[in-house]
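What follows draws every value from the coordinates through simple rules; no lab data is involved. Worth saying up front: this structure is predicted, and the values here are computed from it rather than measured. Glycine gets a Cβ as well: all are built from the backbone with ideal geometry, and neighbour counts include every protein chain shown.
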Amino acid sequence: MFTIALAGCGQTRLAAKPLGHDLVGPVAFSSRMTVASDAVGADGRIAARNSACGANLSPTLNWAPVAGAQSYAMILEDPDAPAPRPWGHWLIWNIPPAATSLAEGVPLGANPPQPAGAAQGRGDTGDVGYFGPKPPGGVHHYHFEVFALDRRLILAGGAGRDALLAAMRGHVLAWSELVGTFKAP
């Protein structure tokens, strides 16, 4: 299953296209990925425990392995946020190629102990690591984009979105996304 969600509620300002479209080469879609999470219900809602209104634990994510991948990266953004670009909630990269999942509750910090070898970046809160959904009002859409890369990235933990995108450019083998929704209580 290859999920792309481009529809939303009345005030949703989704980007013209998800990040993955700009980063993958023409061959990438022959190697399709799937992304799933038990934190995103059948109705698309993200579990409260995985929000900043709850326990603020990063959700479990699972994806299909991609042949030739040397690492994986994941970006979580909210394009519905009242900002000039999607609000960055989480950046994590250099996830080992043997790993096809992230466990719930990845510790905060530039170089978390799990998954071994991974690095996390600075989101739009200014902190390094996961910051869960906490929309100011209404239903927001959260895009979990997973990228299969042909190498480990030479990028120090704590880097920001632009540095991560620049490091990934030209190295994406495949891409997929999972979109979940959340409305603050």
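Return a yes/no flag: does the range 75-91 have any residue that is more than 21 Å from Phe182 (Cα to Cα), surrounded by 23 or more Cβ atoms within 10 Å (Cβ to Cβ), touching a residue at least 24 places away in the same chain (Cβ under 8 Å) and among the aliphatic types (A, V, I, L, M). Can you show your working first?
Step one: of the range 75-91, the residues more than 21 Å from Phe182 (Cα to Cα) are none.
No, that holds for no residue.
Residues in the range 76-105 that are within 22 Å of His140 (Cβ to Cβ), assigned to a loop (DSSP other than H, G, I, E, B) and in contact with a strand residue (DSSP E or B) (Cβ under 7 Å, 6 or more places away or on another chain): Pro79, Asp80, Ala81, Pro86. For the range 40-57, the criterion of a residue being surrounded by fewer than 21 Cβ atoms within 10 Å (Cβ to Cβ), among the aliphatic types (A, V, I, L, M), in contact with a strand residue (DSSP E or B) (Cβ under 6 Å, 6 or more places away or on another chain) and closer than 15 Å to Gly132 by Cα is satisfied by no position. On the stretch given as the range 123-146, residues that are outside any loop (DSSP other than H, G, I, E, B) and over 13 Å from the mean Cα position of the chain (by Cα) total 3. Close contacts from the range 158-178, counting a first residue that is over 24 Å from Ser37 (Cβ atoms) and a second that is β-branched (Val, Ile, Thr) and part of a loop (DSSP other than H, G, I, E, B), with Cβ to Cβ under 9 Å and a gap of 6+ residues or different chains, come to Ala167/Ile154.
Here's a check for you: in the range 131-163, which residue that is under 27 Å from Ala47 (Cα atoms) and of a type in the set (A, V, I, L, M) is surrounded by the fewest Cβ atoms within 10 Å (Cβ to Cβ)?
Taking the range 131-163 first, the residues under 27 Å from Ala47 (Cα atoms) are 131-148, 158, 160-161.
Right, trim to of a type in the set (A, V, I, L, M) and you get 139, 146, 148.
Working: Val139: 17, Val146: 27, Ala148: 28.
Ranking the qualifying residues of the range 131-163, first place goes to Val139.
Do we have Val66 as β-branched (Val, Ile, Thr), touching a residue at least 40 places away in the same chain (Cβ under 8 Å) and under 29 Å from Gly138 (Cβ atoms) here? It is false that Val66 is β-branched (Val, Ile, Thr), touching a residue at least 40 places away in the same chain (Cβ under 8 Å) and under 29 Å from Gly138 (Cβ atoms). Of all the residues in the range 34-75, those that are in a loop (DSSP other than H, G, I, E, B) and over 12 Å from the mean Cα position of the chain (by Cα) number 22.
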